[in-house]
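The values are calculated or read from the model by the stated rules, or taken from the named source; none is laboratory data. Since this is a predicted model, take the numbers as computed values, not measurements. As a convention, Cβ positions derive from the backbone with ideal geometry for all residues, glycine included, and neighbour counts pool all protein chains shown.
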Amino acid sequence: MLSIKLITIILGVNVNILSSYHPSQVAVIVGDRKGKLTAKGNTIYVNSKSIERYGCSADSFTLKWQDKTRSYAGSLEVWAEDGELILVNKVEEDAYLASVVGAEMVPGAELEALKAQAVLCRTFIYTGCRHQDEPWDLCDLTHCQSYRGLETVTAATGKAVAETEGMFLTYHGEPCKIYYHSTSGGRTADARSIWPDEYAPYLRSVPDPYCSASPHYSWRCTLTSSQIAQASDITHVSDIEVVESAPDNRVIEIRVRGSESVIYLGWQFRMIMTRKLGWGTLKSSWFEVRKDGESFIFTGHGLGHGVGLSQWGAVGMAEQGADFRKILAHYYPGTEVKRW
C-alpha cells in the first residue's frame, strides 16, 4: 500500500475543491492574468471561448467565486459536468498538510498538538482514501480532511509538518485507520459505539480529562416535536427514549414514538437531526433526553463522533507539556509513530 502511495508524494495530492459550492462560474487569477470560467452543460467557456478542459500549471493561483476569494499552492485542472465546474488542485503533499493542519486543529494550538495533527493527516492520505472511483484522491471537506488552500497555512503549521516529515501513526508496523474529532466531552468513544462494523484495537474508549476547556465540552439543545418529526419523517412525535447506551456513554439505540415507533442507532439519529436541523443541534451521540411539553431537551457532551484524537484534548495535553508522541499514544493505545 505504501509503495503505491509513494507515487503521490512525487506527483502531488489531487484534491477536489469547492464542490460544496457547486460553482458554475469561477474567476482564476494566475499572476497578472485572469480567466473567467463558465460551465454550460459539459463545456467550459473561458472568457467566452469554449474548451473541453482548463489547465493552470503555475505554482499558485487564486479563485474568486460567489463573492469569495481563496488562494492555493500547486496547479489546477477544471472541467464541466452538467453545468457545474469540477476543480481539482494538484498540490505537493507538505503544502496540502500545512493547510489541513491549520484548518482542522484548534486555532492557536501549541506546536506539539499541531505535530500530532500533522502525523494523523499524513497517515490519513495513505489509509483514508474515499474516492477510489473518482479522478482525485481527496475532497476538501471533512468527509476527507478540511482543506482551504493557503488560507489556513501558517508558520506554525508548516513547522509542524516539517518536524514530522515522513512520520505515520502505525499499529504492528502498518499505518492506522485515522479518525479524529473536536471534543470528546471527557471520554473518547469506542469506534463500535458509533459504527457497529468498525473495529481496531487502538480505536477504543479512553479517559479524556484534557478537553475541559472546549466550548463543546457540555451542551444543551431543545428540539420541538415538530422539528424532530420534520427531520425523521415520523409524524406526531410523542416520545423519545434512549434504549441503550454504551460504557463510553454514547447512545447505542434510541426509540422515537409517533405515527410509528422507530429505533435508530445513536449516531444515525444524531446525523439525521443535524442534517435537517443544523450541525449545532445535537453535537454528539453522548446525550440524555427528557420531554418538556411539546419539546425535548437534550443534554450532552462533546462535539463529533468522539473516536480517536480529541483536538481540544490534544491542546490540553500539549499545554501540560506532553509531546506529540505522548498525545498520540494516549488517544490511540498500542500505536507507534514511525518514519518511512
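Just checking, how many residues over the stretch 168-191 are buried (at least 20 other Cβ atoms within 10 Å of the Cβ), more than 15 Å from the chain's Cα centre (by Cα) and part of a strand (DSSP E or B)?
Within the stretch 168-191, residues that are buried (at least 20 other Cβ atoms within 10 Å of the Cβ), more than 15 Å from the chain's Cα centre (by Cα) and part of a strand (DSSP E or B) number 5.
Do any residues in the stretch 64-87 that are more than 15 Å from residue 29 (Cα to Cα) and not assigned by TED's automatic domain parsing to the domain that holds residue 139 have Cβ atoms under 7 Å from those of residues that are among the basic types (Lys, Arg) and part of a strand (DSSP E or B), where the two are at least six apart or on different chains, and which pairs are they?
Listed by first residue and then by second, the contacts come to 83/40.
Give me the residue from the stretch 116-154 that is closer than 30 Å to residue 322 by Cβ, surrounded by fewer than 20 Cβ atoms within 10 Å (Cβ to Cβ) and among the polar types (S, T, N, Q) and, out of that set, modelled with the lowest pLDDT.
127
Would you confirm whether or not the stretch 98-105 contains a residue that is crowded, with 22+ Cβ neighbours inside 10 Å, outside any helix (DSSP H, G or I) and in the same structural domain as residue 183 (by TED's automatic domain parsing)?
Yes, that holds for at least one residue.
Looking at (1) in contact with a strand residue (DSSP E or B) (Cβ under 7 Å, 6 or more places away or on another chain); (2) touching a residue at least 24 places away in the same chain (Cβ under 8 Å); (3) not assigned by TED's automatic domain parsing to the domain that holds residue 330, can you tell me which one residue 227 breaks?
(1)
Picking from 287, 269, which residue would you name as being in contact with a Leu (Cβ under 9 Å, 6 or more places away or on another chain), modelled with pLDDT of 95 or more and within 29 Å of residue 209 (Cα to Cα)?
269
Search the stretch 175-204 for residues that are on the phi > 0 side of the Ramachandran plot and pair each with any residue that is of a type in the set (Gly, Ala, Ser) when their beta-carbon atoms are under 8 Å apart and the residues are at least 6 apart or on different chains.
Taking only residues 6 or more apart or on different chains, the pairs are 185/218; 185/284; 185/300; 185/302; 185/306; 186/212; 186/302.
I'm checking my understanding of the structure. Among residues of the stretch 85-97 that are of a type outside the set (Ser, Thr, Tyr) and part of a helix (DSSP H, G or I), which one is surrounded by the fewest Cβ atoms within 10 Å (Cβ to Cβ)?
It comes out as 94.
The conditions are (1) more than 21 Å from residue 143 (Cα to Cα); (2) under 19 Å from the mean Cα position of the chain (by Cα), and residue 287 fails exactly one of them. Which is it?
Looking at each condition in turn, residue 287 falls short on (2).
Confirm whether residue 261 is on the phi < 0 side of the Ramachandran plot and assigned by TED's automatic domain parsing to the domain that holds residue 332.
In short, no.
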